[in-house]
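S.K.: Can you keep this structure in mind? I'll have questions shortly.
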Amino acid sequence: MEFINLKAQYNEYKIEINKKILEILESSKFIMGDYVNNFEKNLADYVGSKNAIGCSSGTDALLLALMALDVKKDDEIITSPFSFIASVEAILLLGAKPVFVDIDDKTYNLDPNLLKDAITEKTKAIVPVSMFGQMADLIKINKIAGSIPVIEDAAQSFGASIMIDKEYKSCNSTLIATTSFFPSKPLGAYGDGGAVFCNDDELAEKIRWLLNHGQTKRYNHSYVGLNARLDAIQAGILDIKLKYLDKELLLREEKAQYYNKNLKGVTIPFIQDGYRSVYAQYSICCSNRIQMIDKMNNLNIPYAIHYPIPLHLQDVVQNLGIYKRGDFEISEMVCNKIISLPFSPFITKQEQDKVIECING
């Protein structure tokens, strides 16, 4: 049993993917160009955004978004303490100060009810993270933010949506949004990749300059930028997989519902009314994680912990001398209880039954 069965997915689209890779190799157009442009157009169409900008990773996507807003030393950026390190790493790389807001104890997303108290005159942006495939409450967050830019960290939620009065799609519900195409994501590359989404044409143009060494014209560099371009082979692979994403999202929902109906004695994912999750992970909370891990190890069932240490307790943040244990109790509690189960659109019923028997036993 695989934790995420990427090989089964590859085999599903193997002929198309191999053909596309060979086509790009034959073209010798490996950086930027038509393959990237076509993928960006299809990405933008999928979420309804005016601009989708491919880049080298989800981390670089976040960094580019903050750079486009001219985030500088001592600016304050609000985000969640329950996320992958990239969410705070991009902030620290620019010398800005991370300001954490604890999470909701059901969704594990930033709690908008706590947001207002975290905003100061130094707040330059708010970066809610859409965890495990479910969008953060961007409707409330945008309202509270007012004129403060909101950047959705949608590394795990590409394809997700909220349907309340109208449809709000992940990557098209904030001023800027970013996502990751790390191989294990719902839309994953065969290497690193990411994208930035923006309906503001001027910001989008600036992001395009920034990801290519700050180059506004050939060999004319107006900004300190990055080498953060998406390569053509990854764009070609992703473009094929994008065609099948909706089918895979339905399979993800089906597999998640099977776990939901059969798992006992643990806290299963909570999906808010009107929200559609893409189940980037299927993560449960259990009262005794050590005991659960022992059971899974004995049966050779793979697992992962997303995430064992909240961001405010990571060494790199502790070095700032701002936060201490106990500052964000819900995030700390979830980090002590969370465990992710084997999951993908291609997990079999037999594999799920083995996991369920282990959890329930």
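The values are calculated or read from the model by the stated rules, or taken from the named source; none is laboratory data. Keep in mind the model is a prediction, meaning the values are calculated, not measured. When we count neighbours, we look across all protein chains shown, and the Cβ atoms used for this are built from the backbone with ideal geometry, even at glycine.
S.K.: Against the definition (in contact with an Asp or Glu (Cβ under 6 Å, 6 or more places away or on another chain), farther than 26 Å from ALA8 by Cα and in a helix (DSSP H, G or I)), how does ILE290 come out, yes or no?
M.R.: No; evaluated as a whole, the condition is false for this residue.
S.K.: Which is over 15 Å from the mean Cα position of the chain (by Cα), closer than 23 Å to GLY54 by Cβ and buried (at least 19 other Cβ atoms within 10 Å of the Cβ), of ALA86, ALA68, ALA90?
M.R.: Just a single option satisfies the conditions, and that option is ALA68.
S.K.: Can you tell me which residue is nearest to TYR244 (Cα to Cα) among those in region 111-161 that are in contact with a strand residue (DSSP E or B) (Cβ under 8 Å, 6 or more places away or on another chain), part of a helix (DSSP H, G or I) and not aliphatic (A, V, I, L, M)?
M.R.: Step by step, filter region 111-161, then rank; the result is PHE132.
S.K.: Right, another one. Test SER56 against the criterion of being among the polar types (S, T, N, Q) and either within 16 Å of ALA232 (Cβ to Cβ) or touching a helix residue (DSSP H, G or I) at 6+ places or on another chain (Cβ under 7 Å) (or both), and give yes or no.
M.R.: For SER56, the condition - among the polar types (S, T, N, Q) and either within 16 Å of ALA232 (Cβ to Cβ) or touching a helix residue (DSSP H, G or I) at 6+ places or on another chain (Cβ under 7 Å) (or both) - is met.
S.K.: Now a separate question. Please verify whether ASP105 is in contact (Cβ under 8 Å) with a residue 24 or more places away in the chain, in a loop (DSSP other than H, G, I, E, B) and over 21 Å from the mean Cα position of the chain (by Cα), treating the condition exactly as stated.
M.R.: Considered against the rule, which asks whether it is in contact (Cβ under 8 Å) with a residue 24 or more places away in the chain, in a loop (DSSP other than H, G, I, E, B) and over 21 Å from the mean Cα position of the chain (by Cα), ASP105 comes out as no.
S.K.: Which residue out of ILE309, ILE322, ILE293, ILE338 is surrounded by fewer than 20 Cβ atoms within 10 Å (Cβ to Cβ) and under 21 Å from the mean Cα position of the chain (by Cα)?
M.R.: Only one candidate passes the filter, namely ILE309.
S.K.: Shifting gears a bit: Taking ILE78, is it in a strand (DSSP E or B) and under 29 Å from ASN113 (Cβ atoms)?
M.R.: Yes.
S.K.: Further, regarding this structure: So for region 24-34 (the condition being under 25 Å from PHE132 (Cβ atoms), outside any loop (DSSP other than H, G, I, E, B) and either in contact with a strand residue (DSSP E or B) (Cβ under 7 Å, 6 or more places away or on another chain) or in the same structural domain as THR348 (by TED's automatic domain parsing) (or both)), does at least one residue qualify?
M.R.: No, region 24-34 contains no residue that is under 25 Å from PHE132 (Cβ atoms), outside any loop (DSSP other than H, G, I, E, B) and either in contact with a strand residue (DSSP E or B) (Cβ under 7 Å, 6 or more places away or on another chain) or in the same structural domain as THR348 (by TED's automatic domain parsing) (or both).
S.K.: Next question, about the same structure. When you go through (1) crowded, with 23+ Cβ neighbours inside 10 Å; (2) in contact with an Asp or Glu (Cβ under 8 Å, 6 or more places away or on another chain) one by one for ALA61, which number turns out not to apply?
M.R.: Answer for ALA61: the failing condition is (2).
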